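S.K.: Mind having a look at this structure? Questions to follow.
The values are calculated or read from the model by the stated rules, or taken from the named source; none is laboratory data. Remember, predicted model here, so these are calculated numbers, not experimental data. For neighbour counting, all protein chains shown are included, and Cβ atoms are generated from backbone atoms with ideal geometry for every residue, glycine included. Each accessible area value is taken on the protein alone, full model and side chains, heavy atoms only, with ligands, DNA and RNA left out. Shrake-Rupley method; radii C 1.70, N 1.55, O 1.52, S 1.80 Å.
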Amino acid sequence: MPKIFIDPGHGGPDPGAVGNGVTEEFVNLNVSLELARLLRDAGFDVRIYRTTSDENVLENKNDDLRNRAETANRWGADYFISIHTNSSENTAAQGVEAYVYRLGTASERLGQSIVDSVSENLGSRNRGVMQANFAVLRRTNMPAVLVEMGFITNPYDADLLANSPYLFAVGIYRGVLSYYGML
């Protein structure tokens, strides 16, 4: 089975976005831990960058982002999935989206499968897959996807993110299975 590296975004000195009483680093971690369990139960070889708020997290953000990618590269991961929540000044902004370093690649196909699955599983808006020059996408040697599960600044999304991490994990998990033709 493929080796999947899960990166719960933020942590340590960088809590990520905060909105509606919810903090991104904890949402990312809760979803990532559940996702890792689901993938392992299905037979995937899984590593997770952090299992607590500050495990492996470096003080300097640039060093930390580099370390996340290098850790996945050293392990020889087949796929890299970074878990995040979005934020916006527009509190009506809602839905799931993904970012990849280059469109038209395995990364985009995996990202689209994940976004479609999360959107279907939660009934949330599908915002698609976009290209971005994020360090964890640019520095990894394997197909990499950064998933923005929902908007922490939107009351509806924030409630789901805080209280239903399992639903997001299942959506991402089913997207991975669908990508591999296992559904």
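S.K.: Here is a check on your reading of the model: is residue 104 open to solvent by 20 Å² or more (accessible area, probe 1.4 Å), touching a residue at least 40 places away in the same chain (Cβ under 8 Å) and of a type in the set (Gly, Ala, Ser)?
M.R.: Against the criterion (open to solvent by 20 Å² or more (accessible area, probe 1.4 Å), touching a residue at least 40 places away in the same chain (Cβ under 8 Å) and of a type in the set (Gly, Ala, Ser)), residue 104 does not qualify.
S.K.: Follow-up question, since we're still on this one. May I ask you to list the residues in segment 1-26 that are out of contact with any His (no Cβ under 9 Å at 6 or more places or on another chain), of a type in the set (A, V, I, L, M) and open to solvent by 10 Å² or more (accessible area, probe 1.4 Å)?
M.R.: Hits for segment 1-26 are 1, 18, 22.
S.K.: Let me ask another. Condition first: modelled with pLDDT of 95 or more, open to solvent by 50 Å² or more (accessible area, probe 1.4 Å) and over 30 Å from residue 125 (Cα atoms). Can you find one or more residues in segment 70-86 that meet it?
M.R.: Checking segment 70-86: at least one residue is modelled with pLDDT of 95 or more, open to solvent by 50 Å² or more (accessible area, probe 1.4 Å) and over 30 Å from residue 125 (Cα atoms).
S.K.: How many residues does segment 56-69 contain that are surrounded by 13 or more Cβ atoms within 10 Å (Cβ to Cβ) and assigned to a helix (DSSP H, G or I)?
M.R.: Total satisfying the criteria: 7.
S.K.: What are the residue pairs meeting all of these: first residue in segment 156-181, first residue more than 21 Å from residue 90 (Cβ to Cβ), second residue surrounded by fewer than 17 Cβ atoms within 10 Å (Cβ to Cβ) and not basic (Lys, Arg), Cβ atoms under 6 Å, and 6 or more apart or on different chains?
M.R.: 177/183
S.K.: Hey, another quick one. Determine whether residue 47 is open to solvent by 10 Å² or more (accessible area, probe 1.4 Å), touching a helix residue (DSSP H, G or I) at 6+ places or on another chain (Cβ under 7 Å) and over 14 Å from residue 169 (Cβ atoms).
M.R.: yes
S.K.: Additional query: Give 98, 106, 36, 69 a once-over and let me know the one that is among the hydrophobic types (A, V, I, L, M, F, W, C) and more than 14 Å from the chain's Cα centre (by Cα).
M.R.: Exactly one of 98, 106, 36, 69 is among the hydrophobic types (A, V, I, L, M, F, W, C) and more than 14 Å from the chain's Cα centre (by Cα), namely 106.
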